[in-house]
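A quick write-up on the structure given underneath.
A short reminder: the numbers here are calculations on the coordinates, not readings from a lab. The structure displayed is predicted, hence computed values, not measured ones. Ideal geometry is used to build each Cβ from the backbone, glycine not excepted, and the neighbour counts take in all protein chains shown.
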C-alpha cells in the first residue's frame, strides 16, 4: 500500500494549496496580485474593503461576523492567513472525553450526538476557522460515515479520524493520504482492514476496494492526464 501511495501522489503542501485557492478568490475580487516567481505566494497587499473581506471570510470560514469583517478590513489577507495557520488545534476528542465523564456518572456513553456537539461548537465559535473549513472539505473527499453500519457506534474512532484530518489540514498531502489510508476507520469503511494478499493455493484474492478508491477518487481520477490536461491514451 505504501508503495502505491508513493507512486500516485505528489509531495505538495496543503498550506500552499490553500494559499493558491485564496489567491484565486482575491483575484476574482479584484484584490489579487500576480507573481512571476516559481514559488506560490500567500495573498498580500493593502487592506480589503468590507465587501471583499466579507466575501473572503464566507469562503475561508464558517461565516463572517461584523467583528471578523472589521478586523480583516483593518489588516490584510496575508496577516489573516498567518494567524489562522498558527492557531492551535482543539481536538474533538477533548470534548468527547469530558462528555464521557459527565455521561458516565449517569451510566450513559458517548454517541454521535457528542461528536456533533463539538463539531458545531467549533464551527460556530472556534478561533481556528480555516483549519475547521479545511478539515470539513477534506472529509467530503476522504469520506467515512456514521451511516455505515460498521461505524454507526464507533463515535470515538470517527472522532479520532476527523481530528486527524484537522491535524493534517495544513501539512503535506502525501502524509495526509498515508494517515487516511492507515486509519482503522477508513479501513473499516472501505473494507481494507485485515486485508490479505493473494493466495493461489486457496484461491483467495485481495480486497481491491480501497485500491480503486485511492486511485480513482483520492488522487489520479478515472483517467491519467498529460501535463496540459488532455487524456493520456495508448498503452
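For region 107-178, what class follows from the C-alpha gyration tensor (a ≥ b ≥ c being the square roots of its eigenvalues): rounded when a/c is under 1.5, otherwise prolate if a/b is larger than b/c, else oblate?
oblate
In what sequence do 110, 147, 141 fall when counting other Cβ within 10 Å, fewest first?
The fewest-first ordering by Cβ neighbours comes to 147, 141, 110.
How many nm separate the modelled label positions at residue 201 and residue 148, each set 7 Å beyond the Cα in the direction of the Cβ?
It is 3.2 nm.
Apply 1/(1 + (r/R0)^6) to the Cβ-Cβ distance of residue 125 and residue 208, taking R0 = 30 Å, and write down the FRET efficiency to the nearest 0.05.
0.10
Please give the residues of region 187-225, grouped as numeric ranges, whose backbone N is less than 16 Å from a label point set 7 Å along the Cα-to-Cβ vector of residue 167.
It comes to 187, nothing else.
Shape of region 116-235 from its Cα gyration tensor (a ≥ b ≥ c, root eigenvalues): rounded if a/c is under 1.5, otherwise prolate when a/b > b/c, or oblate?
Oblate shape, in that a/c is at least 1.5 and b/c is the bigger or equal ratio.
Just to confirm my numbers, what's the Cα centroid distance between region 74-147 and region 155-181 in Å?
13
What is the list of residues in region 153-170 whose amide nitrogen lies under 13 Å from a point 7 angstrom out from the Cα of residue 137, following Cα to Cβ?
169-170
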